[in-house]
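Some notes on the structure that comes next.
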């Protein structure tokens with residue numbers, strides 16, 4: 001049973017990332033979530049973990065897996081037709097999955113309150 005994020009649910013192009021990064025953002029201690037309403041049918045996700053977070057690729061890849069797992073498990077939190085980029089902040093490299101999950105969940109609840117429920121694009 002394949003439970004990965006579908007290709008259509010991921011941001012792939014640099015131009016897509018740049019559009020989202022120019023959109024709105026919601027910051028926490030470990031994560032910053034950028035989001036932008038788009039004309040796509042489903043939510044799309046992108047993940048950024050730079051070397052300022054951790055010099056070890058193992059830690060950066062682990063954070064990306066945490067972000068992907070959060071998105072996969074909580075698709076109901078993400079409004080359709082919205083692009084999201086999760087950026088790890090310095091200090092997130094040693095955080096546990098529970099810390100990442102709790103902060104991401106809190107930020108998504110805050111973002112959900114800002115997105116109008118009855119959008120007509």
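Those residues that are surrounded by 12 or more Cβ atoms within 10 Å (Cβ to Cβ), part of a helix (DSSP H, G or I) and either touching a helix residue (DSSP H, G or I) at 6+ places or on another chain (Cβ under 6 Å) or in contact (Cβ under 8 Å) with a residue 24 or more places away in the chain (or both), I need them from the stretch 95-109; list them, please.
Result: 97, 99, 100, 101, 103, 104, 105, 106, 107, 108.
Within the stretch 3-47, take every residue that is free of Cβ contacts under 8 Å to residues at least 40 places away in the same chain and part of a loop (DSSP other than H, G, I, E, B) and give me the one that is farthest from residue 78 (Cα to Cα).
Looking at the filtered set, the residue picked out is 13.
So which residues in the stretch 78-93 are surrounded by 12 or more Cβ atoms within 10 Å (Cβ to Cβ) and either without any contact (Cβ under 8 Å) to a residue 24 or more places away in the chain or under 29 Å from residue 51 (Cβ atoms) (or both), if there are any at all?
Those that are surrounded by 12 or more Cβ atoms within 10 Å (Cβ to Cβ) and either without any contact (Cβ under 8 Å) to a residue 24 or more places away in the chain or under 29 Å from residue 51 (Cβ atoms) (or both): 78, 82, 83, 84, 85, 86, 87, 88, 89, 91, 92, 93.
Of the residues that sit in the stretch 40-60 and are exposed (fewer than 12 other Cβ atoms within 10 Å of the Cβ) and over 18 Å from residue 21 (Cβ atoms), which one is nearest to the chain's Cα centre (by Cα)?
41
Test each condition in (1) modelled with pLDDT of 95 or more; (2) under 14 Å from the mean Cα position of the chain (by Cα) for residue 22 and report the one that comes out false.
Every condition holds for residue 22 apart from (2).
The values are calculated or read from the model by the stated rules, or taken from the named source; none is laboratory data. Being a predicted model, the structure only gives us computed values, none of them experimental. Because the Cβ atoms are built from the backbone with ideal geometry, glycine has one as well, and the counts that use them run over all protein chains shown.
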